[in-house]
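Q: First, the structure itself, so that you have it in front of you.
The values are calculated or read from the model by the stated rules, or taken from the named source; none is laboratory data. What you see is a predicted model, and the numbers here were worked out from it, not measured in a lab. Methodologically, a virtual Cβ is constructed for each residue, glycine included, from the backbone with ideal geometry; neighbour enumeration extends over all protein chains shown.
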Amino acid sequence: MVKGRRILIGVSGGIAAYKVCEVVSTLAKAGAEVKAILTDAAGEFVTPLTFATLSRHPAFTDKDFWQANHGRPLHIQLGEWAEVFAIAPLTANTLAKLAGGFADNLLTNTVLASTCPILLAPAMNTDMWEQPAVQRNWREVLTYRRYHAANPGAGMLACDRAGVGRMAEPHEILPHIESLLYTKGDRDLAGKRVLISAGGTREHLDPVRFIGNPSTGKMGIALAQAALHRGAAVTLVHSITGELSLSGV
């Protein structure tokens with residue numbers, strides 16, 4: 001699915017940057033061409049060398065922005081090269097720049113120089129995420145056709161606060177990147193309502209015994225995720241009551 005595809009990863013400054021290493025490594029092992037852009041703050045958490053090693057391609061920082069050996073400007077080259085651009089973690093600062101169309105570093109300049117779909121995976125403290133200005137910026141960028149959301153989850157944060165603000169996990173980000181490669185960002189199911197039933201069935205013989213089957217429901221979950229990524233409003237009915245990770249359903 002991703003072999004030979006060109007994926008650009010933008011990393012801004014947050015502790016969740018360590019999770020992006022798994023995203024880059026998994027994509028590279030699957031045969032994708034992966035390049036990374038780090039903000040100066042991101043480089044304080046994970047080094048460019050780490051991303052370069054995992055991706056088998058150079059990782060770029062603001063120090064690489066204007067260099068004579070690039071020929072054409074680097075942000076133009078990278079923007080035209082990418083088929084999908086994922087920004088993870090997306091900090092409140094970078095979010096504000098996207099909402100306002102600012103371009104003051106290599107990452108934000110490349111955003112404006114690109115035309116591919118962009119996946120945004122915010123990560124920040126709960127109080128920061130819930131600030132009216134941050135929520136306004138988030139709603140604003142999602143009105144733009146190119147931007148797609150990997151919404152933050154809830155849980156224990158690095159600041160010891162429990163709440164919403166955890167960056168989406170790699171196993172949530174990776175399928176979304178694959179979806180964007182396939183759909184090119186089109187939301188052809190927007191306005192549609194999709195109902196999916198998944199998992200094994202249980203026919204009770206009495207309050208204790210039942211006839212069932214071992215279906216995991218993985219195919220139904222995958223269909224629900226794909227429909228969600230294509231803009232549908234999805235209702236998933238699953239027979240198993242265990243934890244399901246399906247953002248937005």
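Q: Identify, please: which residue in the range 114-153 is closer than 22 Å to Phe45 by Cα and over 14 Å from the mean Cα position of the chain (by Cα) and is, among those, surrounded by the most Cβ atoms within 10 Å (Cβ to Cβ)?
A: It comes out as Met124.
Q: Inspect all residues belonging to the range 41-58 and state whether any of them is buried (at least 21 other Cβ atoms within 10 Å of the Cβ), over 24 Å from Arg146 (Cα atoms) and of a type in the set (S, T, N, Q).
A: yes
Q: Something else: Scanning the range 130-161 for residues that are free of Cβ contacts under 8 Å to residues at least 40 places away in the same chain, part of a helix (DSSP H, G or I) and among the charged types (D, E, K, R), which turns out farthest from Cys116 (Cα to Cα)?
A: Arg136
Q: Any residue in the range 103-129 that is of a type in the set (Asp, Glu) sitting within a Cβ distance under 9 Å of a residue that is assigned to a helix (DSSP H, G or I) and modelled with pLDDT of 95 or more? List the pairs, counting only those 6 or more apart or interchain.
A: Between residues of the range 103-129 that are of a type in the set (Asp, Glu) and residues that are assigned to a helix (DSSP H, G or I) and modelled with pLDDT of 95 or more, the close pairs are Asp104/Lys97.
Q: Scan the range 24-32 and tell me whether some residue there is crowded, with 23+ Cβ neighbours inside 10 Å, over 17 Å from Cys116 (Cβ atoms) and modelled with pLDDT of 95 or more.
A: yes
Q: Between a first residue in the range 197-219 that is among the polar types (S, T, N, Q) and a second residue that is not in a helix (DSSP H, G or I), which pairs have beta carbons less than 6 Å apart while being 6 or more apart in sequence or on different chains?
A: Within 6 Å, the pairs are Ser197/Val237; Asn213/Gly200; Ser215/Gly199; Ser215/Gly200.
Q: Could you please find all residues in the range 174-204 being buried (at least 18 other Cβ atoms within 10 Å of the Cβ) and in contact with a strand residue (DSSP E or B) (Cβ under 6 Å, 6 or more places away or on another chain)?
A: His176, Ile177, Leu180, Leu181, Ile196, Ala198, Gly199, listed by residue number.
Q: Scan the range 3-22 residue by residue and report those that are in a loop (DSSP other than H, G, I, E, B) and among the hydrophobic types (A, V, I, L, M, F, W, C). Walk me through it before giving the result.
A: Just the residues of the range 3-22 that are in a loop (DSSP other than H, G, I, E, B), to begin with: 3-5, 12-16.
Passing the criteria: Ile15, Ala16.
Q: So Gly13 passes all but one of these: (1) more than 15 Å from the chain's Cα centre (by Cα); (2) touching a residue at least 60 places away in the same chain (Cβ under 8 Å); (3) surrounded by 20 or more Cβ atoms within 10 Å (Cβ to Cβ). Which condition number does it fail?
A: Gly13 satisfies all of (1) more than 15 Å from the chain's Cα centre (by Cα); (2) touching a residue at least 60 places away in the same chain (Cβ under 8 Å); (3) surrounded by 20 or more Cβ atoms within 10 Å (Cβ to Cβ) except (3).
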